[in-house]
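Report on the following structure.
All of the numbers you see were taken from the coordinates with simple rules; none came from a lab. Predicted, not measured: the structure shown is a model, and the values here were computed from it. Neighbour counts are summed over all protein chains in view; Cβ atoms, including those assigned to glycine, are modelled from backbone coordinates with ideal geometry.
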Amino acid sequence: MTYNDVTGRIFDIQRYSIHDGIGVRTIVFLKGCALRCRWCCNPESQEYEIQTMMVNGKPKVIGRDVTVKEVMDVIKRDMPYYGRSDGGLTLSGGESLLQPEFAAALLQAAKNIGINTAIESMGYAKFEVIDRILPWLDTYLMDIKHMNAAKHKEFTGKENTLMLENAKKIAESRMCELIIRVPVIPGFNDTQEEILEIASYADSLPGVSQIHLLPYHKYGEGKYEGLGRPYLMGNAPMLPEGSIEKWKEAVEKHTALSCQIGG
């Protein structure tokens, strides 16, 4: 069996995206996640099982099994856009590392035909799993949500120790660009002190020069209703106007990092 025959489970392929990596991207969303972040905007990604979600009053099947070749047939259609923008393939989820063989095969298939590759991931896996994908990866977009293990577990269901250790190992490997991303969430990490603590850690990682602050939004709230689940953020307020910009200035003042809003 070649890597083109490897099968995985996805729930969406988003074409012509300008987020989650440089240039125009094709984002492949893999099913399954180990975390249960209260603010998750893709709750349909969390369970590996194929589900039914109500969308606009109609049932929609979420999840399908595909081969690497089937996914690459879609990705290849967008190669002219990649060439003009330095874009490429981004794996997202969910947590792609929970399907390690499929994730590695997709990245390898893309790199073998000269496509730029990225992964959006929390790094929640044994490092041996991450080490397997690094040879095929150009950019690792890694979420660091909080530096306090107890608070991280309270809001996501898991402590952050493994993820922080993996961030350090990825940076030390120098095998890909590592960009740290911080979803800024009301009541969780929305203080300058908490943001700067994450930024200081990112600044300590060898080769890391960028941090992205991702403002909280409620775009996924309706999906919870469609899945028959409560939205645990409830009536959490939006971030005060101008706060993200102030934190960006603070990060760039107190660290050597370039700070970007959005990502």
Length added when fully stretched, residue 56-residue 261, from 0.36 nm per residue minus Cα-Cα: 70.7 nm
Net charge over other residues, Cβ less than 15 angstrom from the Cβ of residue 262 (K, R count +1; D, E count -1): -1
Distance in nm between pseudo-label sites at residue 254 and residue 217 (7 Å out along the Cβ direction from Cα): 2.7
Gain in span if fully extended, residue 225 to residue 200, counting 0.36 nm per residue against the direct Cα distance: 5.2 nm
Segment 110-203: trypsin sites (Lys or Arg not before Pro) in DSSP coil with no more than 14 other Cβ atoms inside 10 Å: 126, 174
DSSP loop GluC sites (Glu not before Pro) with at most 12 other Cβ within 10 Å: longest gap in the chain: 50-240
For segment 109-263, the fraction of alpha-carbon pairs in successive 5 Å shells from zero, as %: 2, 9, 17, 19, 19, 16, 11, 6, 2, 0
Chain lengthening between residue 173 and residue 112 when straightened (0.36 nm per residue, less Cα-Cα): 19.8 nm
Cα-projected label distance for residue 149 with residue 16, points at 7 Å along beta-carbon direction, nm: 4.7
Highest-fluctuation residue, 167, 199, 125 considered, GNM on the chain with Cα pairs under 10 Å: 125
Per-residue [θ]222 nm for the chain (sum of -39500 (n - 2.57) over DSSP H runs n ≥ 4, rounded to 500): -9500 deg cm²/dmol
